Amino acid sequence: MWRYIGRKLFIYLLTFIVAVTINWMIPRFMPGDPVRNMLSRAAINDPEAMASMTAYYEDLFGLDEPLYQQYLNFWVSLFQGDLGISVMRYPEPVTDVIMGSVPYTLGLLLPAILLSWIVGNRFGAFAARSKALDNTVLPVGYVLTATPYMWIALLLSYTLGIVAGIFPTAGGFSYSLRPEFSWVFIYDLISHWFLPFLSMFLVALGGWAIGMRNMIIYELEADYSNYLQALGAPRRLIRRYAFRNAMLPQITGLAVQLGTIIAGSLLTEVVFNYPGLGTLILDSLENRDFFLLQGILLFVVIGVLIANFIIDIIYVLVDPRTRVQMTGGSS
Amino acid sequence: MTLRVNDLKVYYQTLRGDVHALDGVTFDLADGEIMGLAGESGCGKSTLGKSLIRLDSRMRHVGGTIELDDKDVPIADDDAMVPLRYNEISLIPQYAMSALNPTRKIGKMINELLRARGVRPADVTDELHRRLELVGLEPKVLNMFPIELSGGMKQRVVMVISTLLNPSLLIADEVTSALDVSTQRSVAESMVEFRDRGYIKSMIFVTHDISLVYQMADTIMVMYAGHVAEKASASTIINEPKHPYTQMLIGALPEVGSTSTAQGGRLEGIPGTPPGLLNPPTGCRFKDRCPMAFSKCSEQPPLVEIEPGHWAACWKTG
Ligand SMILES: Nc1ncnc2c1ncn2[C@@H]1O[C@H](COP(=O)(O)OP(=O)(O)OP(=O)(O)O)[C@@H](O)[C@H]1O
Ligand code: SF4
Ligand SMILES: [Mg+2]
């Protein structure tokens with residue numbers, strides 16, 4: 001078990017190193033002079049600020065030092081949590097800018113992913129057991145998965161936001177409010193959160209429900225189900241086995257989907273102008289803020305790696321077979 | 001225990017029409033009898049086995065009756081069959097290798113199954129261990145997952161599970177096909193041992209391996225394309241078969257009865273293929289391949305008792 005986790009950790013570590021290295025290389029090996037390019041595009045009017053920024057970035061890139069030294073420096077500052085200074089929001093450090101957006105993205109992503117997965121699996125399992133439900137869940141599920149995300153997002157924001165006027169369609173909170181811990185602000189936060197959340201939730205829901213339904217039906221047809229039925233085992237027992245076994249591919253599915261879900265959340269934020277990492281990426285691209293972009297990408301990579309690692313461990317805990325295979329050698 | 005199957009018809013419903021997999025099967029099984037069931041692939045052996053315990057969703061009971069100890073076996077009524085299953089009639093399926101839930105430890109699965117059938121696991125633990133030992137397994141397999149067992153071990157575990165409640169009738173569907181020769185023999189021997197010890201009363205032993213069945217079975221029934229071709233004592237079927245199909249089947253064997261030919265005893269070597277069962281031909285279903293076919297064979301030959309305990313369905317034997 002620990003050997004397995006160790007091996008997984010090693011692979012994740014390797015991925016991380018490669019990702020960081022690529023991240024480091026991009027602005028450095030781009031044609032032209034990206035730093036000057038970036039600064040001139042940042043359109044800073046104050047010449048003094050311009051001068052200090054130029055000095056700062058040239059020093060940071062350490063252009064007079066050998067490449068390996070630059071590379072090592074990059075790692076050292078990375079471990080100090082220093083990802084440089086944002087051009088767009090000079091002189092705020094990149095880490096601070098990112099940390100300001102992360103809560104929004106996580107607050108959107110985690111509930112949307114987990115709830116759609118849980119609710120989708122529930123619906124799917126129900127659909128597999130009752131014809132009436134199957135006839136409703138299945139078509140709705142197919143419609144949901146087949147609809148392009150943009151479509152759902154626009155539809156929701158048009159109907160619930162603009163026509164009905166129940167929910168705001170843009171921003172993380174109203175401009176008239178200051179972030180504070182008050183009911184007014186929390187309510188405002190939630191009402192801004194709702195539409196982006198709902199759109200992500202809905203778009204993922206159908207896929208999980210259909211997947212679960214098909215998996216359960218497959219498991220109910222499996223040889224072990226037939227054998228138990230031949231021995232007169234009650235449907236309850238057979239369903240329990242089928243549900244549990246059908247969960248395993250759904251967990252793997254979650255891991256596989258994670259990357260695309262995160263990409264999807266970037267889209268959501270752009271559509272709803274939600275102040276998370278997605279919007280930040282767009283802004284930093286527009287402003288040629290490579291440090292910020294670098295920092296965000298690094299952050300996303302770390303996030304995906306951590307999430308995958310957690311799912312790996314959960315999978316080991318729920319699938320006895322992987323456990324057996326791992327301990328088989330030592331026992 | 002006596003099993004009486006009378007003119008049993010079970011069809012598979014498919015999009016292209018009904019597959020007449022059992023088209024009027026009649027036979028008796030006496031108390032303590034081990035009956036070998038042979039015939040080419042697709043002749044309906046597994047269908048017969050399943051029809052005695054549980055019809056799957058595509059199977060339809062079209063006609064005929066099954067009686068166990070003079071009581072009707074309500075095969076078309078799934079709920080009414082439940083009390084009979086496992087307690088009276090049990091099955092070792094053809095897919096025994098994959099018959100165990102892959103994510104449950106074997107012992108735990110057995111306990112859950114027993115409890116679901118109203119049996120306290122503690123009451124049968126000793127018996128379970130004894131029988132595992134009898135088939136050469138240690139009790140520690142109960143603590144393992146199916147993937148940790150070899151195919152032969154899984155086969156034997158399923159054998160023990162299926163017979164744990166001492167059913168009157170056991171249907172063993174090709175329990176030896178996937179095993180090597182020496183394991184085949186020991187599995188077959190333990191099945192006879194199970195009968196001798198009274199764990200089961202009678203057994204239908206489906207197989208392609210005639211020489212194996214000759215050594216362990218009391219009687220052999222040969223099926224062809226959803227019909228019974230011939231049924232008689234094992235020695236009669238091997239030494240004096242009457243039905244042309246049985247004769248060719250036996251003739252295809254090199255040396256019947258000698259232990260060295262267990263593998264050579266597969267059914268093969270009859271020219272042609274059996275008819276499809278979607279729209280089966282009228283008359284004797286063997287007539288296209290039968291060297292003795294004559295004009296009368298366009299009518300279906302009835303299954304008649306040509307001598308005590310020897311049944312055959314052929315115009316030439318009647
Ligand atoms: N689920 C099904 N749907 C339609 N037809 C089926 C189905 N299962 C079996 N059949 C048909 O029924 C006939 C009998 O099948 P069965 O499985 O009883 O054969 P068998 O004698 O056990 O063969 P084998 O020796 O290969 O196991 C075959 O012609 C087969 O094509
Ligand atoms: S009835 Fe006719 S065709 Fe059929 S086995 Fe007998 S002789 Fe052959
Ligand atoms: Mg079969």
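A few notes on this one:
- Contact order normalised by residue count of the stretch B:36-129, Cα under 8 Å, 6+ apart, percent: 18 percent
- If R0 equals 45 Å, the separation of the Cβ atoms of A:Leu133 and B:Lys296 corresponds to a calculated FRET efficiency of about 0.20.
- Ligands, DNA and RNA are left out, and with a 1.4 angstrom probe the accessible area of the stretch B:111-206 is 39 Å² per residue.
- When peptides A:263-275, B:202-214 are sorted by average Cβ neighbour count within 10 Å, with the highest value leading, the order is B:202-214, A:263-275.
- Residues A:Phe10 and A:Glu48, FRET efficiency given R0 of 56 Å [Cβ-Cβ distance, rounded to 0.05]: 0.70
- Per residue of A:219-226, other chain Cβ atoms within 10 Å of the residue Cβ number 5 on average.
- Each Cα pair of the protein assembly as shown feeds into the Kirkwood radius, which the Stokes-Einstein equation turns, at 37 °C and 0.692 mPa s, into a diffusion coefficient of 108 µm²/s.
- Geometric extent, Cα atoms of the stretch A:205-331 - Rg, Dmax (angstrom): 21.0, 69
- FRET efficiency for the pair B:Met144 and B:Met1, taken as 1/(1 + (r/R0)^6) with r the Cβ-Cβ distance and R0 = 30 Å, rounds to 0.30.
- Relative contact order (percent, whole number), chain B, Cα cutoff 8 Å, 6+ residue spacing: 20 percent
- Relative contact order for the stretch B:98-165: 44 percent, from Cα pairs under 8 Å spaced at least 6 residues apart, divided by residue count.
- Shown here are the Rg and Dmax of the Cα trace of chain B, at 19.7, 64 Å.
- Translational diffusion of the stretch B:98-165, estimated by Stokes-Einstein from the Kirkwood radius over alpha carbon pairs at 25 °C in a medium of 0.890 mPa s, is 207 µm² per second.
- For the stretch B:143-189, a drop of 30 Å² or more in accessible area on going from the chain alone to the assembled protein chains (1.4 Å probe) is found at B:Phe145, B:Ile147.
- Where A meets B: accessible area buried, both sides, 1.4 Å probe, Å²: 2300 Å²
- Note on A:Trp75 and B:Glu127: their simple-model spin labels are 6.7 nm apart, each label 7 Å out from Cα toward Cβ.
- Principal semi-axes of the equivalent ellipsoid, √(5λ) from the alpha carbon gyration tensor of the stretch B:42-178, are 27, 18, 13 Å from largest down.
- Listed by chain and number, the lysines placed with their C-alpha closer than 27 angstrom to that of A:Lys131 are B:Lys50; residues fewer than eight positions away on the same chain are left out.
- Accessible area of chain A belonging to carbon and sulfur atoms, whole % at 1.4 Å probe: 68 percent
- Whole-percent carbon and sulfur share, accessible surface of chain B, 1.4 Å: 48 percent
- Rg ratio (alpha-carbon, reference 2.2 N^0.38 Å) - the stretch A:174-263: 1.74
- For chain A, the percent of C-alpha pairs falling in each 10 Å distance bin, counted from 0 to the bin holding the largest distance, reads 5, 20, 24, 23, 17, 8, 3, 1, 0.
- Rounded to 10°, Cα long-axis angle of helix B:121-134 versus longest principal axis of chain B: 60 degrees
- Taking 0.36 nm per residue of separation and subtracting the current Cα-Cα distance, fully stretching the chain between B:Glu307 and B:Val62 would add 85.2 nm.
- Heavy-atom accessible area per residue - the stretch A:176-292, 1.4 Å, Å²: 44 Å²
The values are calculated or read from the model by the stated rules, or taken from the named source; none is laboratory data. Quick caveat: nothing in here was measured; it's all calculated off a predicted structure. For neighbour counting, all protein chains shown are included, and Cβ atoms are generated from backbone atoms with ideal geometry for every residue, glycine included. Surface accessibility is based on the protein's heavy atoms, side chains included, excluding ligands, DNA and RNA. Shrake-Rupley method; radii C 1.70, N 1.55, O 1.52, S 1.80 Å.
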